[in-house]
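A short write-up of the structure that comes next.
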Amino acid sequence: MRKFNITKSVLFIAIAFFFSCEDGLDSGLDLEPTGAVSETVYWSTERDARLAVNAVYNELDNTQSVIELDGITDIGFRSASNVPTFNDVRLGEIDPSNGTITGIWNRYYRGIRKANDVLANIDRIEGGDQEVLDRLEAEARFLRAFYYTQLSSLWCNVPLITEPIDVNDQRPTTSREEIVDFIIDELDMIINSNALPLSYTGDNLGRATHGAALTLKARAALRNDRFEVVRDATQAVMDLGIYSLYPDYEELFQVEGQNSQEVIFDLAVCSRRRHL
C-alpha cells in the first residue's frame, strides 16, 4: 500500500510540474522546421527576393523544349520516334497522354506560381535597396507575362492565375483576348515604371531589361494581330539606340555572340542560345 501511495505521489508531482509550464502540451512544439525554409521567416531580406526571382527564371525553355518547339515550325524538323513529342502535333496525332506537351504546360505554370509567390510576398521585406526590390518585382512580372505569352500562343484559352492558390483550387480557362490584355497591361506597368535597366553587368547578365519588356509586348501583340501596338513597341525598342544586327550570323549563336548588341533577352542552353 505504501509503495502504491509513493507511486501516486510521484505521478501527481510530475503531472503538476508539466502543466505548470506556460503552454502545457504546446510548449516547445511550435518550432520552425530546421530542414526547410519556413514561409513565416523567408521573406525577410533582399537576398530572399533575389533567390525567389531566380527560381522563376529556372522555368524558362530548356534544351528539349527548344528542340520540340522549333520542330513544329519551318525553322526545324523533329524526326518521328516512339516517344510522344511535339512531332505528334505536326502529324495530327496528339492525345492527352503526351508527356512532352503536358510537361511544357506544367513548367510554364510552375513559373507562374513562383512569380505569383514573389509578387504576393516581396512587400513583406523591410529594409534592403528599394530600387533593387522594385527591379526584382518587375522581373517577376515580366517572366509571368512571358509564360502567359507562350501559353496563350500554344493553347489559346488558359487559366489566368495571378495570386498564390491552394493545390486543390480549380480555375476555369480565360479567353485568349483577356490573357493578351493582361500581358500587355502588365508589360506597360513595367515599362512605365522604368524599374528594369537597359542592361546589366557581371552576375546579373541575362536578367530581363527594359528593352526585353518592350520586345515581349511587341511579340505578344504580333501573335494576336494588334499591329499598332507592334509598331509602337518596336519603334520604342529601336529608339533606345542600343541594339543592332550582329555582323556574323553563325557566331551569334556561339560563345562569341553572347550578350552582343543583337541580343535583347536570351537563355543560354548548353551550346545553344534561345533569343527573344
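The values are calculated or read from the model by the stated rules, or taken from the named source; none is laboratory data. On a predicted model such as this, the values are computed, not experimentally measured, just so you know. Because the Cβ atoms are built from the backbone with ideal geometry, glycine has one as well, and the counts that use them run over all protein chains shown. Just the protein is used for accessible areas: all its heavy atoms, side chains included, with ligands, DNA and RNA removed. Shrake-Rupley method; radii C 1.70, N 1.55, O 1.52, S 1.80 Å.
Overview of values
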quantity: Filter result (among the polar types (S, T, N, Q) and either surrounded by 10 or more Cβ atoms within 10 Å (Cβ to Cβ) or in contact with a His (Cβ under 8 Å, 6 or more places away or on another chain) (or both)) within segment 165-188; calculated: 173, 174, 175
quantity: Qualifying positions in segment 145-164 - open to solvent by less than 10 Å² (accessible area, probe 1.4 Å) and in contact with a Lys or Arg (Cβ under 9 Å, 6 or more places away or on another chain); calculated: 145, 147, 149, 152, 158
quantity: Options 213, 233, 221: the member that is assigned to a helix (DSSP H, G or I), without any contact (Cβ under 8 Å) to a residue 40 or more places away in the chain and of a type in the set (Gly, Ala, Ser); calculated: 233
quantity: Candidate set from segment 19-67 (those that are over 24 Å from residue 103 (Cα atoms) and acidic (Asp, Glu)); member that is modelled with the lowest pLDDT; calculated: 22
quantity: Filter pass, residue 179 being outside any loop (DSSP other than H, G, I, E, B), without any contact (Cβ under 8 Å) to a residue 40 or more places away in the chain, in contact with a strand residue (DSSP E or B) (Cβ under 7 Å, 6 or more places away or on another chain) and not aromatic (Phe, Trp, Tyr); calculated: yes
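Let's see how each residue does on (1) assigned to a helix (DSSP H, G or I); (2) open to solvent by less than 10 Å² (accessible area, probe 1.4 Å); (3) more than 20 Å from residue 68 (Cβ to Cβ):
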| site | (1), (2), (3) |
| --- | --- |
| 104 | yes, yes, no |
| 111 | yes, yes, no |
| 116 | yes, yes, yes |
| 120 | yes, no, yes |
| 127 | no, no, yes |
| 134 | yes, no, yes |
| 141 | yes, no, yes |
